[in-house]
Amino acid sequence: MSVLVSAESWLCPPGWTGIVALDGAILATVPDPDLIEPLQAALLHCVGGIDADVDLTRLPTDLPAVDVLGPAALAYLDAENFAAAHADIEVESLPTDHHEVRGLVASVAKQDADESGLEEIDSTAFVVRMGQDVVAAAGYRPWLNTAAHLSVLTAPEYRDRGLARLVASAAVADALRNRLVPQWRARPEPSRRVARALGFREFGSQISVQLGR
């Protein structure tokens, strides 16, 4: 278990506490050194024993949490397990900050936009259109030149048509070409199903907590 001090941690929103449990190990960041000991005590309670699984759902009850994001499942894949999606629909490439990508983000509920993380991508945006409108998009944000954190968003009226899997497949292929390990973080079951269909396997979980003072 490692708890580090970082007010601008990549694991969580600025000023929050972020925790990742991955394959039995725990990495956490706090914005203030005074939070190290309370968090360590809460994490020990979550683990419940040396060989026990980490249950991050117990964490907010052990801390003075003001707000909580997660927990979300963390999944990864390698090139050998990648099940690319194929369809008779063109997947286009657009610049990250293209106005049509921003328009898709603006067209959905704020919770959906925040969950997708599409506004945070640094890669090309891989999109599908219906008529003239971009209705699904995916991309990723590199982390430490090792992982590619995937972001996917589909307009509500076009969900359950395989479009999320199609654009995500293009983003995953691009990440693998750049020798990055694709990472998928999701809470909703439909998003987790898309990841599994592409070959992702869940290895851990992540939670962000805004602590009271």
- Item | Cα extents of the chain along the three principal axes, largest first (Å) | 54, 35, 29
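What does the charge count around Val135 come to, taking other residues whose C-beta lies under 15 Å from its C-beta (Lys +1, Arg +1, Asp -1, Glu -1)? If you can, show how the numbers build up before the last one.
Numbers: positive: Arg102, Arg129, Arg159, Arg161, Arg165; negative: Glu90, Glu92, Glu100, Asp112, Asp133, Glu157, Asp160.
Net of charged neighbours comes to -2.
Tell me what the chain gives for mean residue ellipticity at 222 nm when only DSSP H runs of n ≥ 4 count, each as -39,500 (n - 2.57), the sum divided by the residue total, rounded to 500 deg cm²/dmol. Write down the numbers at each step before the final one.
Values: 5 runs with 53 residues, N = 213.
Calculated at 222 nm, the ellipticity per residue is -7500 deg cm²/dmol.
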- Message: Along the charge dipole of the chain, pointing to its positive end and built from +1/-1 on Cβ of Lys, Arg, Asp and Glu, which listed residue (Leu74, Ser2, Val20) has its Cα farthest out?
- Response: Leu74
- Item | Translational diffusion coefficient (Stokes-Einstein; Kirkwood radius from C-alpha pairs) of segment 76-202 at 10 °C, 1.306 mPa s, in µm²/s | 112 µm²/s
- Message: Counting other beta carbons within 10 Å of each residue's own, what order do Leu94, Leu166 fall into, fewest first?
- Response: Leu94, Leu166
- Residue separation times 0.36 nm, minus the C-alpha to C-alpha distance between Ser93 and Asp67: what's the value? 5.8 nm
- Message: Among Gly131, Ala109, His98, which residue has its Cα furthest toward the positive end of the charge dipole of the chain, with +1 on Lys/Arg Cβ and -1 on Asp/Glu Cβ?
- Response: Gly131
- Task: Would you mind getting me the FRET efficiency between Glu37 and Glu202? Use the beta-carbon distance for r and R0 = 45 Å, nearest 0.05.
- Result: 0.90
- Query: For the pair Asn145 and Met130, how long in nm is the line joining their label points, each one 7 Å along Cα→Cβ?
  - Reply: 4.2 nm
- Simple spin-label model, 7 Å along Cα-to-Cβ: Ala83 to Leu44 in nm? 4.3 nm
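For Arg159 and Glu189, FRET efficiency with R0 = 22 Å and r from the beta-carbon atoms, rounded to 0.05?
On the way: r = 13 Å, r/R0 = 0.58.
The pair Glu189/Arg159 has a calculated efficiency of 0.95.
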- Query: Under a point spin-label approximation (7 Å from Cα along Cα-to-Cβ), what is the Met1-Lys110 distance to one decimal in nm?
  - Reply: 3.4 nm
- Task: Can you put Trp143, Trp16 in order of Cβ neighbours within 10 angstrom, beginning with the fewest?
- Result: Trp143, Trp16
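Once you charge only the Cβ atoms, +1 for Lys and Arg and -1 for Asp and Glu, what is the size of the charge dipole of the chain about its Cα centre, to the nearest 20 debye? Intermediate values should be presented prior to the final figure.
Values: 17 positive and 29 negative charges, 66 e Å.
My answer is approximately 320 debye.
Values quoted throughout were computed directly from the atomic coordinates according to the rules given, and no laboratory measurement underlies them. Note that this is a predicted model, so its numbers are computed, not measured. Positions of Cβ are generated from backbone atoms using ideal geometry, with glycine treated the same way; all protein chains shown enter the neighbour counts.
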